[in-house]
Amino acid sequence: MEIIKKCRDKFTGNLDTILSFTGFSLGLFIVSLYYLINLNQQDIGIAVLSACLIYFVFRKKFKDESPISPGKDRFKTELNLAFYLIFLISIFIYSMNLYYRPLSYFILICILAGIIASEILYVKEGDRIFPILFQIFLLSILIRSGIYYNFPSIMGYDAYAHAGIAKLITETGAIPPIEISSKYFYYPLAHIFVSITQLMGGLDVKDGFFYSIGFANIFSTAGIYLIGKKLEGPQMGLLAALLINLNNHNIVTGITNITPGSLVLCYFIIIIYAIFSENHALVQTGLLLLTTILMILTHQLTTFVVFLALISILVGKYLHNLLYGSSPTAAGSFNYILFFVISLQTYWMFTYVTRDTSFFEMIFKPLVEVFQMGSSYSSDELIVGTAAANQDPMEVLLLHISYLALPFFAIGGVLTWASRKDAIKINKFSIALVVAVLYGLAYGIPLLGMRNFLTSRWFPLIAVFLVLVAASYILKLISLFNSKKAKIPAVFIIILLFSFVMITTPGINKDNPLVGKNTTVRNQFKNVEIQAVETLSGVYSGSILMDSPYDSCLFYRDPRYNVDNATYFDSNQIESKEISGEHMILLRRSSLTEPISINDPERYGVNIIKPLPAEFFNSFEDTGYERVYDNSEVLAYLKENKEIKM
């Protein structure tokens, strides 16, 4: 037993060193595979090995957070004034442009983020944090409203379907039938929330989404501050709140593609705070159980990620007890997990996607098929990756940095929290384990070819933990500098660059991306494009053939038009220039220069991203078709001598 205890103490005392060496070796291995088998994941390997190397070199020099100035400081006041001045200038620049946001707008937003980060370094225990938290909220609203209101239409893909459900609830006062509501037929809580906001504020559905779920996603990040404050202090909590409001995955969930899963993120933050606050009073326990039930009823699949996170936290506490001799996990934790499992399974089994298929069957039937017959989604291609074609190397670098920046700092944070000094704190140890487990599953499940779990939508939830460890590590890096004159520029530059690669990505800037223009499909629509759909669907009831994603604009169709009559071009039709059947052809002139999504009917789930070929576009001017509509942006064609169906 004495030998085992010594081995355990030696292992835990050097856990961070062991993990950093393991991570460095793994990163080196991934990079080497690029040269051996052309594995196009070398950027991940470089991020892992560099993060581990930097931690290993500087690990003994890190210090705990402390304010850079214990008293009043004139420069702090100047930073505060500069924030509001630049904020007003940003609004002015945004208001002067239509369907476009210039580079200066993005640069000013990055400067605002850097100013907030600099102000955070002045915070000490007991200070009022509301002014800085308020600035974080203002910055987040500026970023998200700038994206959301740059075009008059709703944005996203699934968002249009959810907006349709919410709109029907507002107009009829009833839940749409299962053929429309699908799995949300039973408890469309998010849609009802949007509908209530519409009715109370006299808003349209677009504003209803922004002022309900959009605002909830912003203000719920105050919970991140509270969690961070409990773990390390106010500086870490505020920086974590800033990072999650800048993270592009959370901006996607919170504004650019709002779904019921967006509301789950808010519930999730509340639950995580309740767990780590360790307040077991009756009222707090009741609120925790109520929030859990609301979350499960709101969105089925996203809640599964929450379940994995809670299991990882519980396992982390159990391992911490074995390695560090902490107090045994309370029975209440096991009871809560049991309550969660029973509630989740019950709802999955009795929630039907169609009248004959439950949500449980829809998720797990393909899982069984994968294990029995293997994947049909070309997992080898997912593993090897695909090289970017016809893209500028600098664009590719910026795109890759955007999804590796947060994990880079998070890796350093996990290693820091694995050190003897931090690992003895059970909550930090558990969070570090959650990051490792969820990231492993998020990347591993698609390699099996399973897309039913939609792991790309896990990242906003994983980010709740990533920003905590990343904020901790950034403060540790800043602590390497001894003078205030060095610390402020260091944190300013780090956050300015971090925010730039986050807010300029195509994922949240489909209207005017600064990078990846040749591969970014705009899913927001101009007034002239919306007007074409409204007009034509009001006078024509037959089949309409159009490009994707312009088919999403059918959300604005005439109420009498049956949306099932419309579809989009596929690659076979475009290559052959042959359209079978009687269709009205809808063409956008912008599709000649902007990429659209062209479905490949031979390969499930595969879309070709490129502009519409001019040969196909112009082919309808030849004999056989007649132009029946033209508003300078959208053209409509019908076969000659064909009458319009009313």
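The values are calculated or read from the model by the stated rules, or taken from the named source; none is laboratory data. Small disclaimer: the values here were computed from a predicted structure and weren't measured. All Cβ positions, glycine included, derive from the backbone under ideal geometry; neighbour counts span all protein chains shown. Accessible surface areas use protein heavy atoms only, side chains included; no ligands, DNA or RNA. Shrake-Rupley method; radii C 1.70, N 1.55, O 1.52, S 1.80 Å.
Within segment 45-69, restricting attention to residues that are within 17 Å of Ala470 (Cα to Cα), assigned to a helix (DSSP H, G or I) and open to solvent by 40 Å² or more (accessible area, probe 1.4 Å), which residue is modelled with the lowest pLDDT?
This residue is Arg59.
Give me the pairs, please: first residue somewhere in segment 577-589 and in contact (Cβ under 8 Å) with a residue 40 or more places away in the chain and closer than 13 Å to Ile544 by Cβ, second residue anywhere and outside any loop (DSSP other than H, G, I, E, B) and basic (Lys, Arg), beta-carbon distance under 8 Å, and either six or more positions apart or on two chains.
Glu582/Lys639
Is it the case, given these coordinates, that Asn518 is open to solvent by 50 Å² or more (accessible area, probe 1.4 Å), at pLDDT below 85 and in a helix (DSSP H, G or I)? So that I can check it myself, show each step before the final result.
Values: open to solvent by 50 Å² or more (accessible area, probe 1.4 Å): yes; at pLDDT below 85: yes; in a helix (DSSP H, G or I): yes.
It is true that Asn518 is open to solvent by 50 Å² or more (accessible area, probe 1.4 Å), at pLDDT below 85 and in a helix (DSSP H, G or I).
Looking at Leu592, Leu586, Leu554, which is the one that is under 26 Å from the mean Cα position of the chain (by Cα) and among the aliphatic types (A, V, I, L, M)? Reasoning before the result, please.
Values: Leu592 fails: under 26 Å from the mean Cα position of the chain (by Cα); Leu586 fails: under 26 Å from the mean Cα position of the chain (by Cα).
Going through Leu592, Leu586, Leu554 in turn, just one is under 26 Å from the mean Cα position of the chain (by Cα) and among the aliphatic types (A, V, I, L, M): Leu554.
Let me confirm something: among Ile488, Ile508, Ile530, which residue is open to solvent by less than 30 Å² (accessible area, probe 1.4 Å), out of contact with any strand residue (DSSP E or B) (no Cβ under 7 Å at 6 or more places or on another chain), over 29 Å from Gly316 (Cβ atoms) and in a loop (DSSP other than H, G, I, E, B)? Break it down stepwise before answering.
Values: Ile488 fails: in a loop (DSSP other than H, G, I, E, B); Ile530 fails: in a loop (DSSP other than H, G, I, E, B).
From the options Ile488, Ile508, Ile530, the qualifying one is Ile508.
State all residues of segment 22-44 that are part of a helix (DSSP H, G or I), within 19 Å of Ile401 (Cα to Cα) and among the polar types (S, T, N, Q); if no residue qualifies, say none.
Gln42
Could you give me the residue pairs with C-beta distances under 7 Å whose first residue belongs to segment 256-270 and is free of Cβ contacts under 8 Å to residues at least 60 places away in the same chain, whose second residue is open to solvent by 10 Å² or more (accessible area, probe 1.4 Å) and part of a loop (DSSP other than H, G, I, E, B) wherever it lies, and which are 6+ apart or on separate chains?
Final answer for the pair search is Cys266/Ser220.
(1) open to solvent by less than 30 Å² (accessible area, probe 1.4 Å); (2) out of contact with any Pro (no Cβ under 9 Å at 6 or more places or on another chain); (3) part of a loop (DSSP other than H, G, I, E, B): which one isn't true of Pro559, the others all being true?
(1)
Of the residues Leu468, Leu496, Leu475, which single one is within 29 Å of Leu112 (Cα to Cα), of a type outside the set (Lys, Arg) and open to solvent by 40 Å² or more (accessible area, probe 1.4 Å)?
Leu496
Criterion first (more than 24 Å from Ile401 (Cα to Cα), out of contact with any Gly (no Cβ under 9 Å at 6 or more places or on another chain), modelled with pLDDT under 85 and in a helix (DSSP H, G or I)) does Lys72 satisfy it? Show your work before the answer.
Values: more than 24 Å from Ile401 (Cα to Cα): yes; out of contact with any Gly (no Cβ under 9 Å at 6 or more places or on another chain): yes; modelled with pLDDT under 85: yes; in a helix (DSSP H, G or I): no.
No, not satisfied.
Against the condition farther than 25 Å from Leu121 by Cβ and either at pLDDT below 90 or touching a His at 6+ places or on another chain (Cβ under 6 Å) (or both), how does Glu2 come out, does it pass?
Values: farther than 25 Å from Leu121 by Cβ: yes; either at pLDDT below 90 or touching a His at 6+ places or on another chain (Cβ under 6 Å) (or both): yes.
Criteria met by Glu2.
Restrict the check to segment 296-315 and report whether at least one residue is closer than 30 Å to Ile488 by Cα, open to solvent by less than 40 Å² (accessible area, probe 1.4 Å) and in a loop (DSSP other than H, G, I, E, B).
First pass over segment 296-315, keeping only residues closer than 30 Å to Ile488 by Cα: none.
No.
For a quick check of your reading: which helices (runs of 4 or more DSSP H) sit entirely within segment 158-238 and have at least 3 residues that are more than 19 Å from Asn250 (Cβ to Cβ) and open to solvent by 50 Å² or more (accessible area, probe 1.4 Å)?
On the way: elements: 158-172, 178-181, 189-201, 205-209, 215-219, 222-231.
So the answer is 158-172, 189-201.
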